[in-house]
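The values are calculated or read from the model by the stated rules, or taken from the named source; none is laboratory data. Small disclaimer: the values here were computed from a predicted structure and weren't measured. Backbone-built Cβ (ideal geometry, glycine too); neighbour counts: all protein chains shown.
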Amino acid sequence: MSDSGHILVVDDQQEICDLVREYLSDEGFRVSTANDGAGLRAAIAGAPVDLVILDLVLRGEDGLQLARELRGQSDIGIIMLTGRSETVDRIIGLEMGADDYLSKPFHLRELLARVRSVLRRGAAKGGGDKSAVPRARIRFAGWTLDLASRELSSPAGEEVRLTTGEFELLAAFVNHANQVLSRDRLLDLSRHREAGPFDRTIDVQVGRLRRKLEDDPKNPAMIKTVRGGGYIFTPPVESE
């Protein structure tokens, strides 16, 4: 597999930065490293970055602060590195828009799989050859989802920004409308990996989508919870 893309590894442990840089470089990626928020900003200012591998615990500004800053500025891919005991912070990181997470210690092959998955999901927005992508628009409840450009428009015609994870989850819903989808099935459809024990990734992303789509996120009309089953997307769906 021939890979491309610029990856920024942000960790205050230089040995981890060096290890990940060497491994991903051997897989065909361009890799830069930084040890803190200042280094992250300098690297992004110096060259376009496609994906940030961001440690949750850093000196000074922590990974959550930096993830919030990154997501407020762009749709850049974010994979967070977390400790096994940092479940709450991991969930907060996903709430802030991280696309995926990996617990330390991790296997480099698993990190590579996550990197490829996030980059693949973000490729359409990253400026790839869109002439090869079928043009398709999905309409539901006045909303329009463009599967080629990955753009979501509200009933008022306003663009609503989606992270790559949010887009993949919404695409899974509209492509399987009026079907009860378990969390494992949604994780497979949207993230191409199996769920781990207590994996709340889908619940977090559903919550984010509800806040963007629903008039009353606490009483959702479009993405409904099915007790013991998962979720169901209820609006009629039309495609162009």
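Worth pointing out:
Yes or no, residue by residue, for (1) surrounded by 13 or more Cβ atoms within 10 Å (Cβ to Cβ); (2) part of a loop (DSSP other than H, G, I, E, B); (3) touching a Cys at 6+ places or on another chain (Cβ under 8 Å); (4) modelled with pLDDT under 90:
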| residue | (1), (2), (3), (4) |
| --- | --- |
| Gly165 | yes, no, no, yes |
| Ala177 | yes, yes, no, no |
| Asp184 | yes, no, no, yes |
| Phe198 | no, yes, no, yes |
| Val204 | yes, no, no, yes |
| Lys212 | yes, no, no, no |
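- Pick from the range 146-169, criterion over 12 Å from the mean Cα position of the chain (by Cα) and aliphatic (A, V, I, L, M), ranking: nearest to Ser239 (Cα to Cα): Leu147
- Residue list for the range 95-114, filter: at pLDDT 85 or above, under 22 Å from Val206 (Cα atoms) and in a helix (DSSP H, G or I): Arg114
- Test: Ile92 is at pLDDT 90 or above and within 24 Å of Ala172 (Cβ to Cβ): no
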